[in-house]
Amino acid sequence: MRTVPDISSFLKPLEDAIRLQLLPSISGHPGCSADEWDLLSLPCHFGGLGLINPTKVSDSQFDASLLITASLKDLIIKQSVCARPPDVRCVKAQFWDAVHLRYGWKLLNVPSHCVCGVSFTIDHAMVCQHGDLTFVRHNDLRDITAGLLSRVCSDVATEPPLQPLSGEVITPKSANRQDDARADIHARGFWGRRQSAFLDVRVFHPNAPSYRNSSIPSVYRHHELQKKREYGERVREVEQASFTPLVFSTTGGMGGEALTFYRRLADMLSRHSSTSYSGTLAWIRCTLSFSLLRSATMCIRGTRSILHRSNNASPEMGHIAGPRDF
Ligand SMILES: [Zn+2]
């Protein structure tokens with residue numbers, strides 16, 4: 001295809017084989033419609049899977065394809081030697097799940113009922129509080145963010161305790177006034193020199209029934225405002241610090257305040273390590289998306305049964321966040 005020009009009409013049988021045989025076998029989704037095939041053949045950042053439709057590939061990409069595939073070719077050759085069958089099976093299953101989640105296809109081989117007793121659905125698996133899976137999802141994002149902050153800020157800590165109130169009047173009704181209140185992350189020198197910043201992570205599932213009648217942007221804003229009412233004034237008045245809510249959706253998106261935060265973080269990291277800003281931001285977003293994707297497949301495939309959970313599974317995860325985070 002990349003060595004002979006003007007051969008697209010000869011590639012129709014190949015396209016049919018990709019669409020009718022390869023696609024069902026790698027995605028576990030039989031019978032792709034023409035529209036779905038068009039969607040899947042788009043690049044990943046346009047919502048596709050980056051699968052090439054050979055009849056539409058332009059010959060002018062010949063030089064570029066040689067360059068682009070050189071490193072991939074090396075990786076494929078190495079993988080064929082290193083990868084053992086169990087790893088391949090595990091990666092394949094996770095990839096299938098990821099593709100099915102992305103396109104809203106019915107998942108394969110899921111139980112009919114959750115451990116908590118209700119019918120098993122994806123939407124339920126994402127929010128079920130049985131087991132610690134939603135905590136792990138939250139804590140993974142917290143730890144990734146704290147790890148990145150620690151490269152460019154001082155006094156970075158997870159689950160920092162807030163100073164108890166000593167007579168200050170905090171106005172919002174839903175403000176957290178407890179003596180043992182904690183934010184998720186503290187860092188010094190993020191928004192301003194020597195200035196303290198407190199951050200709190202929330203992950204919500206956009207397909208939950210309570211959000212059905214709301215637009216996605218308004219749900220992000222709702223969670224940001226709720227977090228700010230809970231912590232904003234107390235952090236400002238008592239800690240003399242700033243407060244930023246980091247709101248994520250289980251499907252990989254983030255709220256406006258989180259986006260501003262990670263853009264600044266990418267700026268600081270890129271200056272610190274003399275790398276490009278856009279590359280650093282893309283890498284951060286990729287890291288966060290993979291965390292959410294790992295968590296999504298864990299919520300679907302991970303065990304929620306307490307019988308399987310070790311009694312000392314939590315120490316290395318540090319303080320386990322409470323239900324307030326969800
Ligand atoms: Zn459940």
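A few points about this structure:
- Out of Ser249, Ser278, sole residue that is open to solvent by less than 60 Å² (accessible area, probe 1.4 Å) and polar (S, T, N, Q): Ser249
- Exclusive hit being part of a helix (DSSP H, G or I), assigned by TED's automatic domain parsing to the domain that holds Ala197 and within 30 Å of Ile284 (Cα to Cα), set Val136, Val156: Val136
- Search result, residues across region 236-271 that are modelled with pLDDT under 95 and either among the basic types (Lys, Arg) or part of a helix (DSSP H, G or I) (or both): Arg236, Glu237, Val238
- Residue count for region 214-235, restricted to those that are open to solvent by less than 50 Å² (accessible area, probe 1.4 Å) and either of a type in the set (D, E, K, R) or in a strand (DSSP E or B) (or both): 5
- When residues of region 113-131 are limited to those that are touching a residue at least 12 places away in the same chain (Cβ under 8 Å), under 22 Å from the mean Cα position of the chain (by Cα) and in a loop (DSSP other than H, G, I, E, B), the one nearest to the ligand (Cβ to nearest atom): Cys128
- Test: residue in region 3-22 that is at positive phi, surrounded by 11 or more Cβ atoms within 10 Å (Cβ to Cβ) and in a loop (DSSP other than H, G, I, E, B): no
- Long-range neighbours under 6 Å by Cβ, at least six apart or interchain, first residue not assigned by TED's automatic domain parsing to the domain that holds Leu23 within region 92-108, second among the hydrophobic types (A, V, I, L, M, F, W, C) and in a loop (DSSP other than H, G, I, E, B): His100/Leu107
The values are calculated or read from the model by the stated rules, or taken from the named source; none is laboratory data. The shown structure was predicted, so the numbers you read here are calculated from the model rather than taken from an experiment. FYI the Cβ positions are ideal-geometry reconstructions off the backbone, even for glycines, and counts take in every protein chain you see. We work out accessible area using only protein heavy atoms, side chains counted, and drop any ligands, DNA or RNA first. Shrake-Rupley method; radii C 1.70, N 1.55, O 1.52, S 1.80 Å.
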